[in-house]
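K.L.:
Below: one structure in structure tokens.
All of the numbers you see were taken from the coordinates with simple rules; none came from a lab. Source: prediction; values computed, not measured. A quick note on method: Cβ atoms are made from the backbone with ideal geometry, for glycine too, and the neighbour counts reach across all protein chains shown.
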Amino acid sequence: MTCKERIPEIVEYARRRAEPDTETRAHLATCSACGERWETERQLTSQFRIMRIRAAARRPLEARRESLMRDFARKHKHAPMPAWVWALSAAAVLLFAAVLGHATRNRVRVNAVPASPAIRTHGVRTQQTILYEASTDASALSGDEDFIALPYAPPLAAGELIRVVHADLDPDVLASMGIDVDPSWASELPADVVVGEDGLPRAVRIVDNTQF
Amino acid sequence: MPRSDEELYRLMRKGDQDAFAELYERREPALYRYALHTSGSSIVAEEVAHEVFVQLMGAGARFDESRGSLESYLYGVARNLIRVVRRQGPVEEAIDRAIEHDILGDLISNETTAALHRALREMPDRYRDVVILCDLEERSYEDVARIIGHPIGTVRSRLHRARALLSAKLKWLNAPAEVLSK
């Protein structure tokens, strides 16, 4: 066995503060380099022991420990909820969402029903079909060139719900709305009428304008 | 049968203060000593050992059981904290001054011990860690291999290399003055 191969053995003997076996002892007695290494390794082990004893003399600071435990208690002041509480909470939220969704759908449906099925055209009721509903304002309506804004009609409020209804309107009805009517018009005219939430017409669009 | 560190950690995360206290009692002293030997300052060591547990109970604790033991994680946190302290500047306090009521102090060579401490602090982390864990903490090669995440053979070879470096330092310290002056 070479010196290099013996070094790990020497180190381990020194670490364990054990006596080397006979063969190693014989080598250490004859090899000055290994003998010297053996002595420094033993000294190193002794020094480590001193360092270990010194470091172990320290007692943990009770104040630090207490402050750490206080911090921990503060952080976990509210005990964690058991799993069943979480499940119950989730179920309650889902139930609430379902009820809320149902109520919202009903409200939309109520809104969708025309408050006044007939256009209040100065007492003249006409046959009409709701084309669509939208929330708009007067400026948006005036931007549509097909619609003729009715004079004297009260302005729409911003965001007011309007309905566009299709109706066959008598020329007299149109005239009553303030639309210039050609005396030659004899029959009813198909028209789209913008109606406010109050049921009053705000604008008219003649769909079949062949008579103009 | 004592509960494992990991089990205590899981309980601690659920708010079990007794588990946290048990973990603290079990690991804090060794973390303090590790920090003391690595930094050379008892003040730094106290701070580091405390801060490791502050971080552990904080929301940012990133311990992942699948990646290693909790003990390994705690040493890793301590090592990083000491690096931060070192980056801030040299630690002035001498280790021997930090130990009060040192019974053996008069009986030993303070100079040699202090020099060995300095040599240990100046070693690369990979060598110093195995010296501290194997020889100062007297942990088995298996334990240290688990803590540092390397094979036992690597631990043993690093330890032998580290001891060779420290032995050379000791040999130099022990050399007669006339030899050193040459």
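K.L.:
What Kirkwood hydrodynamic radius do you get for segment A:1-97 when you take the inverse of the mean 1/r over all pairs of distinct Cα atoms, in Å? Provide the component values of the computation, followed by the final result.
P.N.:
Details: mean 1/r = 0.0518 Å⁻¹.
After inverting the pairwise mean of 1/r, the radius is 19.3 Å.
K.L.:
Just to be sure I understand the model, the point goes 7 Å from the Cα along the line to the Cβ. What's the resulting A:ARG65 to A:ARG25 distance in nm?
P.N.:
4.6
K.L.:
What are the ³J(HN,Hα) couplings of segment A:190-203, residue after residue, when phi is run through the Karplus curve with 6.51, -1.76, 1.60 and θ = phi - 60°? Round to Hz, x for glycine and proline.
P.N.:
x, 8, 9, 10, 8, 10, x, 5, 7, x, 8, x, 10, 7
K.L.:
Ok, one more. Provide a whole-number value for the mean count of partner chain Cβ atoms within 10 Å of the Cβ atoms in peptide B:65-76. Could the numbers behind the result be given before it?
P.N.:
Numbers: counts 0, 0, 0, 0, 0, 0, 0, 0, 0, 0, 0, 0.
Across the residues of B:65-76, the mean count of other-chain Cβ atoms within 10 Å is 0.
K.L.:
If you take each beta carbon of peptide A:35-48 and count the beta carbons of other chains within 10 angstrom, what is the mean? Can you show the working numbers first?
P.N.:
Values: counts 0, 2, 5, 1, 4, 10, 6, 1, 8, 10, 2, 3, 10, 12.
Other-chain Cβ atoms within 10 Å of each residue's Cβ, averaged: 5.
K.L.:
Something else: Assuming R0 = 51 Å, what is the FRET efficiency of A:ALA33 and B:LYS14, from their Cβ-Cβ distance, to the nearest 0.05? Write out the running numbers ahead of the final one.
P.N.:
Details: r = 59 Å, r/R0 = 1.16.
With a Förster radius of 51 Å, E is 0.30.
K.L.:
Quick query: amide H of B:PHE63 versus all other amide H atoms, modeled in the peptide plane; which residues come in under 5 Å with a sequence gap of 5 or more or a different chain?
P.N.:
Excluding prolines and chain starts, which carry no amide H, there are no hits.
K.L.:
Sticking with this one: A:LYS4: which lysines have alpha carbons under 25 Å from its alpha carbon, excluding same-chain residues fewer than 8 sequence positions away?
P.N.:
B:LYS169, B:LYS171
K.L.:
Ok, one more. Averaged across A:59-68, how many Cβ atoms of other chains sit within 10 Å of each residue's Cβ atom? Spell out each step's value before the answer.
P.N.:
Details: counts 1, 8, 4, 0, 0, 7, 6, 0, 2, 9.
Mean inter-chain Cβ contacts per residue within 10 Å come to 4.
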